[in-house]
Amino acid sequence: MNRIRMPDTKRRAGATVYIVSIFLALLSLLPFWIMIANATRSTYQIQQHAISLIPSGFLSNNLAVLNGKIFNPATGFINSLIISTGATLCAVYFSTLTAYALVAYDWKLRQPFFTLILAVMMIPTQVISIGFYQFMYRIHMTNNLLALILPSIAAPMTVFFMRQYMLPALNLDIVASARIDGAGEFRTFNSIVLPIMKPAMATQAIFTYVNSWNNLFLPMILLTKKENYTMPIMVSLLKGDIYKTEYGAVYLALTMSVLPLLIVYFVLSKYIIAGVALGSVKE
Amino acid sequence: MRQSGNRVKSVSYAKYGYLFSIPFIVTFLIFSLYPTVFTAIIGFTDFKGVTATAFHFLKDPFANFVSIFNNVTFQNSLTNTLIIWVINFIPQLSLALLLTAWYTNRSRKIRAQGAFKVLFYMPNIITAATVAILYAAIFGYPVGPVNDILQSLHLTDGPFDFTTSPWGAKLVVAFIQFWMWYGYTTIILISGVLGINPALFESAEIDGATPSQIFFRITLPCMRTILLFTLITSLIGGLNMFDIPKLYIWNGGPANQTMTASVFIYAQAFSGTYMYNRAAAASMIMFVIIAILSVFVFYLMRDKYEANAKRRIRREKRRQRKEEMEAPVQ
């Protein structure tokens, strides 16, 4: 019906949508493509033409420049891996447990507790970082990766989303029948509730992992020893003077920090996009 | 008999609610509440110096707050934060709304929508530190891809320095923020539209409304809550903007081109003279601003979700009553 009414304007409008969409898609890709191409080019080539979409053959030279300098992708990768994995396991497991306490049991302080979680959900760690740092300094936990892992046991945002997912997903009759079969409460949670919560846990795990991996502020103030640096701290070092003239090497270092993320993203993109959509305030 | 048995059980299980909340509560008290109180206390003291551990309360308890409020750099950092947020958020929301209108248009299905969304969102998951340094290289001076393009198109005579120019630097940081976040906002808004009752659109279509009428008269009004939510969470995120302004130009630049509130706090506390007290006072000011903003989010969330939860509980109770009434018959 619509097609008969105004075919020309419709087709043009359709073309605009695709042109803008493709432009934006290129805008997302181009910086990374320039980065990857320049990672394989020599500093001299980059100085002549800073923009090139065609890779060159200087990858190993650039790698040699990075070698022995302060930027150490292997150390950064391992530290980030330890922190992000630990933080994700803590956040996802304990948030589900807390959500279960909020959903399955009728206790007096349940509502006030949930209100507290909502109230502190938006408070970022950055504004309490001075007290956090001084506290960690006093108990000798600066340069201890646990200082970045343990706090995620209390992740209000994750608890909130777990609760929202659990309310319709968990049938309390199943819990009740497990009780009749004589299962303990903790065992019921581990063997019956956790499997039901798997989809929500996967979504939250992805976001906790990415956030923890990308975090710069807290690791930067807590970790002062080189062997404890995370990937983002390693990357921030590239701003230093020793890399001022090593364009190719800087691009290569950036590429090394981005590639793992890009691979994981494209593998999991379907779930990530669905997870972002789920996180919005909708019915 | 069965009924009374149930009641006894539901009372005795309450303790597990407390038990299972203990890990969260203990961690929260240690790693969130205590640091918050500690930060507030430091704000009233003379605590500074890199290795210092002892501190005393000031005679004039608000001295740090007064000096922070009168600090030109702090004032600058607040204005910068606001400027960068505004010139990033207005185009970001406009583009996200436009894409939402296109992608949710019911009379025209966009092909490869999934792929576009994946690409639009991609910059959001990349480490902000990496993005900042990558853009510093791309907007490099005197040689960099952007300056290359500008000169080969003869838009500028010589290379343009995107770091020393106060507006140039802010524009780049705002552009990076825009580039990283418009995809996120778009996905949130699209999912908001998909949550609207389709009957509304159907009846509007039957009444002969055009797509733009539908968008402005139905879609937008239905999304008031979600738009407000996006606005406030973006504002809170903007107030915390750290990685990009800190790394695009080291520590916000010598002339404070990209000095934002978070960069200011960091620079006060962890460089130079290590003014923990001043930084703590600035943190508390930010804390109060963010707390006020999050009160709005709190009410938005609570209204939306509690209404649903209450409905659900009522339904559940009704169902239980019905079952209990039916049980003796069996």
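Any read-out appearing in this document is the output of simple, stated calculations on the displayed coordinates, not a laboratory observation. The shown structure was predicted, so the numbers you read here are calculated from the model rather than taken from an experiment. Here the Cβ positions follow ideal geometry from the backbone for every residue, glycine too, while neighbour counts run over all protein chains shown.
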When region B:83-108 is examined, which residues are found to be in contact (Cβ under 8 Å) with a residue 60 or more places away in the chain and among the aromatic types (Phe, Trp, Tyr)? B:Trp85, B:Phe89, B:Tyr103
How many residues are of a type in the set (S, T, N, Q) and farther than 17 Å from B:Asn105 by Cβ if we restrict to region B:210-241? 5
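Looking at region A:85-100, which of its residues are among the small types (Gly, Ala, Ser) and crowded, with 24+ Cβ neighbours inside 10 Å?
In the first step, residues of region A:85-100 are kept if they are among the small types (Gly, Ala, Ser); the result is A:86-87, A:91, A:95, A:99.
Of everything in region A:85-100, those that are among the small types (Gly, Ala, Ser) and crowded, with 24+ Cβ neighbours inside 10 Å turn out to be A:Ala87, A:Ala91, A:Ser95, A:Ala99.
In contact (Cβ under 8 Å) with a residue 40 or more places away in the chain and more than 19 Å from B:Leu82 (Cβ to Cβ) - does that describe any residue in region B:146-161? Lay out the reasoning, then the answer.
Start the filter on region B:146-161 by keeping residues that are in contact (Cβ under 8 Å) with a residue 40 or more places away in the chain, which leaves none.
No: zero hits.
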When residues of region A:17-73 are filtered for being surrounded by fewer than 18 Cβ atoms within 10 Å (Cβ to Cβ) and among the basic types (Lys, Arg), how many remain? 1
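Name the single residue that is surrounded by the fewest Cβ atoms within 10 Å (Cβ to Cβ) among those in region B:39-68 being among the aromatic types (Phe, Trp, Tyr) and in a loop (DSSP other than H, G, I, E, B).
Going residue by residue through region B:39-68, those that are among the aromatic types (Phe, Trp, Tyr) are B:44, B:47, B:55, B:57, B:62, B:65.
This time we only want the ones that are in a loop (DSSP other than H, G, I, E, B), so: B:44, B:47, B:55, B:62.
On the way: B:Phe44: 21, B:Phe47: 25, B:Phe55: 17, B:Phe62: 13.
Step by step, filter region B:39-68, then rank; the result is B:Phe62.
Pick out, from region A:32-145, the helices (runs of 4 or more DSSP H) lying fully within it that include 2 or more residues that are within 8 Å of chain B (Cβ to nearest Cβ).
It comes to A:43-48, A:73-104, A:110-120, A:129-138.
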Quick test for you: out of B:Ala137, B:Ala115, B:Ala174, pick the one residue that is free of Cβ contacts under 8 Å to residues at least 40 places away in the same chain, part of a helix (DSSP H, G or I) and within 24 Å of A:Ser236 (Cβ to Cβ). B:Ala137
Looking at B:Leu150, B:Leu189, B:Leu200, can you tell me which residue is on the phi < 0 side of the Ramachandran plot and either buried (at least 17 other Cβ atoms within 10 Å of the Cβ) or at the interface with chain A (Cβ under 10 Å from one of its Cβ atoms) (or both)? B:Leu189
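Mind checking which residues of region B:203-251 are part of a loop (DSSP other than H, G, I, E, B) and at positive phi?
Pass one, region B:203-251, residues part of a loop (DSSP other than H, G, I, E, B): B:207-210, B:223, B:240-242, B:249.
Of everything in region B:203-251, just one residue is part of a loop (DSSP other than H, G, I, E, B) and at positive phi, namely B:Gly208.
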Sort out which residues of region B:170-205 are farther than 16 Å from B:Ala101 by Cα and among the small types (Gly, Ala, Ser), and write them in order of number. B:Ala174, B:Ala199, B:Ser203
In region B:90-129, which residues are within 8 Å of chain A (Cβ to nearest Cβ) and touching an Asp or Glu at 6+ places or on another chain (Cβ under 9 Å)? B:Ser107, B:Thr127, B:Ala128, B:Ala129
Return the residue satisfying two criteria in turn: it lies in region B:252-287 and is without any contact (Cβ under 8 Å) to a residue 40 or more places away in the chain and part of a loop (DSSP other than H, G, I, E, B), and of such residues it is nearest to the other protein chains (Cβ to nearest Cβ). B:Ser271
